[in-house]
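The values are calculated or read from the model by the stated rules, or taken from the named source; none is laboratory data. From a predicted model like this one, the values you see are computed outputs, not experimental measurements. No Cβ is skipped: glycine too gets one built from the backbone with ideal geometry, and neighbour counts run over all protein chains shown.
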Amino acid sequence: MKKTILLTGGNGFIGKNIQASFLAEKYEITAPRSVELDLTDTAQVDTFFRTHSFDVVLHAAAKPGHRNAKDPTQLFYTNVRIFENLVRHTDKFGKLINLGSGAIYDIAADNRLVSEDQIGLRCGKDEHSFCKYVVHKRIENLPNATDLNIFGIFGPHEDWEIRFISNAICKTLFDLPITLRQNRRFSYLYIDDLMPILDFFITHNTKYKTYNITPDTETELLTAAQTVQKIGGRNNPIRVAKEGYGLNYSGSNARLKAEMPSVVFTPLETAVEKLFNYYRTRQDQLDKQLLLTDK
């Protein structure tokens, strides 16, 4: 029989890609929308779990706090409450896989190829970083729970108004300048590469409570922009507002590869070409006006 999975955040960027991947065929995935199950409502979640149980919870739901969020208020309260409403019912699922963030290392710090043993050296002051830290500390003391630290991730269904690689592709399609505040080094994961990693964590009992989910190499924003320009075959300018490097945001994947040596990552150029083709076939659905001003 197929394993049963509760996917939270199924209508988000990662959730949509999970449901479009081979995971949706391999597993029986339940992904209630927020109108069907409000994860911030303790009573609703309690009622849901009275009649539902799962082998795995893939927790991808989160209230966003990015610059394009409709309502960035109460970020910490909302996301911690969602998490606690789920883990009140650990008797109703076998394991919990939390899709966390590299922000656990503190986004205000310079994080270059950080490793999991550095978690806790800093406790971020911003709500997003602090929330990831608090959730991680809870996971450390929960049975069968794992925290996956995702730094940069890109692919179809992301917010192309603000997410850098998609934004650069969409601007290139309209012959608009690609803009950078400053060059930075990221651990950019192509969304398709996440799926076999999730499959591994679903099917294996792993050694540690937390893992960086990052590719083998860092990506500079300027290199990503140049790659988009090359794939697009355009001469639209690349504008960098400030010289030098901004704060790094990358993590070591040594722990992941030690347990999953078969993991492979899509080269940047191949991933950008796939994503470029995705947007090229949907260009009529893009609003050029939303690309004229950087958010």
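Tabulated data for the structure shown
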read-out: Check on V45, touching a Lys or Arg at 6+ places or on another chain (Cβ under 6 Å) and either part of a strand (DSSP E or B) or buried (at least 19 other Cβ atoms within 10 Å of the Cβ) (or both); value: no
read-out: Qualifying residue in region 25-40 (condition: hydrophobic (A, V, I, L, M, F, W, C), touching a residue at least 12 places away in the same chain (Cβ under 8 Å) and not in a loop (DSSP other than H, G, I, E, B)); value: yes
read-out: Residue in region 83-92 that is nearest to D55 (Cα to Cα), counting only those that are crowded, with 19+ Cβ neighbours inside 10 Å and in contact with a His (Cβ under 8 Å, 6 or more places away or on another chain); value: L86
read-out: Residue among L290, L286 that is in contact (Cβ under 8 Å) with a residue 24 or more places away in the chain, farther than 21 Å from Q226 by Cα and in contact with a Cys (Cβ under 7 Å, 6 or more places away or on another chain); value: L286
read-out: Test for E158: is it surrounded by fewer than 22 Cβ atoms within 10 Å (Cβ to Cβ), under 27 Å from T40 (Cα atoms) and touching a Leu at 6+ places or on another chain (Cβ under 8 Å); value: no
read-out: Region 93-131 - residue that is part of a helix (DSSP H, G or I) and among the aromatic types (F, W, Y) and, of those, surrounded by the fewest Cβ atoms within 10 Å (Cβ to Cβ); value: F130
read-out: Neighbours by Cβ (under 7 Å, 6+ apart or cross-chain): first from region 131-143, modelled with pLDDT of 95 or more; second in a loop (DSSP other than H, G, I, E, B); value: Y133/C123; Y133/G124; H136/I119; I139/K209; E140/K209
read-out: Any chance N167 is free of Cβ contacts under 8 Å to residues at least 24 places away in the same chain and either of a type in the set (S, T, N, Q) or touching a strand residue (DSSP E or B) at 6+ places or on another chain (Cβ under 9 Å) (or both); value: no
read-out: A62 vs. criteria buried (at least 21 other Cβ atoms within 10 Å of the Cβ), in a loop (DSSP other than H, G, I, E, B) and of a type outside the set (S, T, Y); value: yes
read-out: I231 being within 15 Å of I165 (Cβ to Cβ) and either of a type in the set (V, I, T) or in contact with a Leu (Cβ under 8 Å, 6 or more places away or on another chain) (or both); value: yes
read-out: Flag if T73 is more than 26 Å from L198 (Cα to Cα), under 23 Å from the mean Cα position of the chain (by Cα), hydroxyl-bearing (S, T, Y) and surrounded by fewer than 16 Cβ atoms within 10 Å (Cβ to Cβ); value: yes
read-out: Flag if I153 is in a helix (DSSP H, G or I) and buried (at least 19 other Cβ atoms within 10 Å of the Cβ); value: no
read-out: Top-ranked residue of region 197-246 - restricted to ones that are assigned to a strand (DSSP E or B) and aliphatic (A, V, I, L, M), ranked as surrounded by the most Cβ atoms within 10 Å (Cβ to Cβ); value: I213
read-out: R255 being touching a helix residue (DSSP H, G or I) at 6+ places or on another chain (Cβ under 6 Å), outside any strand (DSSP E or B) and under 26 Å from P143 (Cα atoms); value: yes
read-out: Number of positions in region 249-295 that are more than 26 Å from A103 (Cα to Cα), among the aliphatic types (A, V, I, L, M) and surrounded by 14 or more Cβ atoms within 10 Å (Cβ to Cβ); value: 3
read-out: Close pairs (7 angstrom Cβ cut-off, 6 or more residues apart or separate chains): on the phi < 0 side of the Ramachandran plot and in contact (Cβ under 8 Å) with a residue 40 or more places away in the chain in region 98-118, surrounded by fewer than 16 Cβ atoms within 10 Å (Cβ to Cβ) and among the acidic types (D, E) anywhere; value: I107/D126; A108/D126
read-out: Single condition D147 does not satisfy, out of (1) more than 17 Å from K274 (Cα to Cα); (2) surrounded by fewer than 20 Cβ atoms within 10 Å (Cβ to Cβ); (3) within 18 Å of the chain's Cα centre (by Cα); (4) charged (D, E, K, R); value: (2)
